[in-house]
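To start, the structure itself, in C-alpha cells.
Laboratory data are not the source of any read-out in this text; all were calculated from the coordinates shown. On a predicted model such as this, the values are computed, not experimentally measured, just so you know. A quick note on method: Cβ atoms are made from the backbone with ideal geometry, for glycine too, and the neighbour counts reach across all protein chains shown.
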Amino acid sequence: MNIWFQFLFCAAVIFYAGHKLSLFGEILADRMGLAKSWVGIVLLGVITSLCELVTSVSSVTFHDLPDMAVSGTIGSCLFNLMVIGLLDLFSKRPVSHVVDQGQILSAGFGIVLMGFAAIDILFGKYLPIMTFLNASDPLSLVYVLVYFLGMKMIFSYESTRAAASIVALAQGTPEHKRPLAAILLPFIFYAALIVGTSCYLPSLAEQIGKMTGWGQSFIGSSFIAVTTSLPEFAVSMSAAKRGSFDIAVGNLLGSNLFNVVILAVTDFCYGKAPLLRSVSENNALTALTTMIATGIVIIGLTYRSEKKLWLLAGDAIALLLVYVLANVLLFYAR
C-alpha cells in the first residue's frame with residue numbers, strides 16, 4: 001500500500017475518532033456536572049492530546065526516534081496556535097474580542113513552559129542528569145510542577161467566573177441524559193482507536209523522511225504535528241461552528257500546556273539520555289516561534305480589536321505568518 005495513502009488513512013481515522021472522543025468527553029462532563037470552561041482547558045485539552053502522548057512515547061520506545069518525538073510534540077503546539085487564527089473564519093468579530101480574557105492565564109503558562117523547553121534544548125547539557133529517574137532531565141520535573149501550578153491557578157480563576165458567560169457544547173441536547181455506561185463505552189472505544197492509530201504514525205513518518213530526505217525535525221514539525229493535532233482541530237472547529245469560542249480556544253491552549261508535560265513523560269520513557277539533549281537544535285526554533293505565537297495570542301486578547309482586516313483579524317494573520325515562517329525555516333535547516 002502506498003506510504004502516502006497509509007499516512008492519509010491514519011490522519012482520517014484520527015480526525016474522525018478525535019471528533020467523536022471530544023463529543024463524548026463533553027457529554028460525559030455534562031453528565032457529571034463539570035464546569036464547561038474546565039472542559040475546554042483541562043478535560044478536552046488532555047483528551048485531544050492523547051495522539052501526541054502516544055506518538056511521542058512510541059517514537060522513543062519502539063522506534064528510537066527522539067527527534068521525531070520532540071519535533072512532533074512542539075510542532076503540535078505551534079499548529080494549535082495557528083488554528084486559533086483560523087477560528088476567526090467562524091466569527092463575525094475577531095475571536096480575540098469574543099473570548100474571555102482569562103485565556104491569557106493559560107497562554108502565559110504556555111510561554112513559561114515552552115521557554116523552559118527551549119532552554120533545555122539549547123543549554124540542557126550544562127544541567128545534571130537524574131540517573132535515579134531513568135536518566136531524566138531535572139527540567140522535566142519543572143514541567144510537571146509548573147503544569148499543575150497552572151491548572152490550580154486556572155481552576156481558581158475559572159471558579160469565579162459567572163456561569164452565564166460559559167457556553168456549553170452539549171447544552172440543550174438529550175445526549176447527557178443517557179446512562180453513564182452508554183457514554184463511557186464509546187468514549188473508551190474512540191480513545192483506544194486514537195491510541196492504536198497513533199502508534200503506527202512514527203514508522204510511517206520515518207519512511208517518508210527517508211524517501212524525501214526532509215529529515216526528522218521537519219517531518220515531525222509538519223506531518224506528525226498536524227496529524228496528531230487533528231483531534232484538537234476537530235473539537236475546536238466544532239466548538240467554533242456552535243459559537244463556543246471560549247471552549248475552542250481553551251482546548252487549544254490547554255492542549256499546549258499538556259504537550260510540554262508529554263515531553264517530561266517521553267523523557268522518562270527514553271532512558272538512554274535526557275530527551276531534549278538528544279535532539280537537533282532545530283527544535284529550539286519551533287519552541288521559540290511557539291513562544292512568539294503565544295505572545296501574539298496574548299496581545300490579541302489584551303488589545304481586543306473589534307474589526308477584521310478582511311476574513312481575519314490582524315493577530316490571526318500574524319499567527320498564520322509565524323506558522324508559515326517557522327516551517328519554511330525548518331525546511332531549509334533540515
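Database remark: amide H of Ser136 closer than 5 angstrom to the amide H of Met130 (H placed geometrically; neighbours at sequence offset of 5 or more, or on other chains; Pro and chain starts carry no H). Projected onto the charge dipole of the chain (+1 at Lys/Arg Cβ, -1 at Asp/Glu Cβ, origin at the Cα centre), which of Pro138, Ala333, Leu184 gives the Cα projection farthest towards the positive end? The Cα lying farthest towards the positive end belongs to Leu184. Helix 201-212 and the longest principal axis of the Cα set of the chain meet at an angle near 60°. Computed over region 71-136, the P(r) tail beyond 14 angstrom holds 73 percent of alpha carbon pairs. Spatially close Lys pairs in the chain, defined by Cα atoms under 20 Å apart and a spacing of eight or more places or different chains, total 12. This model, with +1 at the C-beta of Lys and Arg and -1 at the C-beta of Asp and Glu, gives the chain a dipole about its Cα centre of some 580 debye.
Using alpha carbons only, the radius of gyration of the chain set against its Kirkwood radius gives Rg/Rh = 0.96.
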